[in-house]
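Presented below is the structure to which this report refers.
Each reported figure results from applying straightforward, stated rules to the coordinates on display, with no laboratory input. All values derive from a computational prediction rather than experimental measurement. Note: ideal-geometry Cβ built from the backbone for every residue, glycine included; neighbour counts use all protein chains shown.
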Amino acid sequence: MAQMGESSVVRERLRSLCVSNGWSYGVFWRFDHRNSMLLTMGDAYYEDHVGAVIENMLPQVHVLGEGIIGQTAFTGKHRWMHSDAHGGGWNPCSSLENQDMFQDYSEFSCQFSSGIKV
């Protein structure tokens with residue numbers, strides 16, 4: 001588990017990113033201490049109205065190389081995702097060689113439909 005000082009530094013950086021970009025929340029995923037192939041939530045910054053979304057993320061575990069979060073950690077290439085305000089869809093802002101990485105689309109779809117910016 002991260003020490004309190006580390007956690008507050010990460011949270012402050014997430015807060016700064018969120019505030020400057022108009023995002024509702026930011027999450028820092030980390031490698032699990034017991035199994036380095038798993039990613040768990042390390043820290044988060046969020047606005048009050050998205051607290052329930054963050055609570056739902058707490059138990060989530062992502063496998064390195066699988067899904068959006070796991071693939072991003074594996075490649076080291078960030079992915080900016082946003083909802084398409086005109087079409088109601090979503091847009092991953094990067095080229096995708098493997099569409100299977102969007103297997104967890106429903107998670108983001110639910111967030112977008114509730115008006116949350118990811």
Taking placed amide H atoms and a strict 5 Å upper bound, the residues 5 or more places from residue 29 or on another chain that come that close are 42
What is the spin-label model distance, in nm, from residue 9 to residue 37 if the labels are put 7 Å beyond Cα along the C-beta direction?
-> 3.1
Taking amide H positions as placed 1.01 Å from N in the peptide plane, with prolines and chain starts having none, which residues 5 or more places from residue 64, or on another chain, fall under 5 Å of its amide H?
-> 38, 39
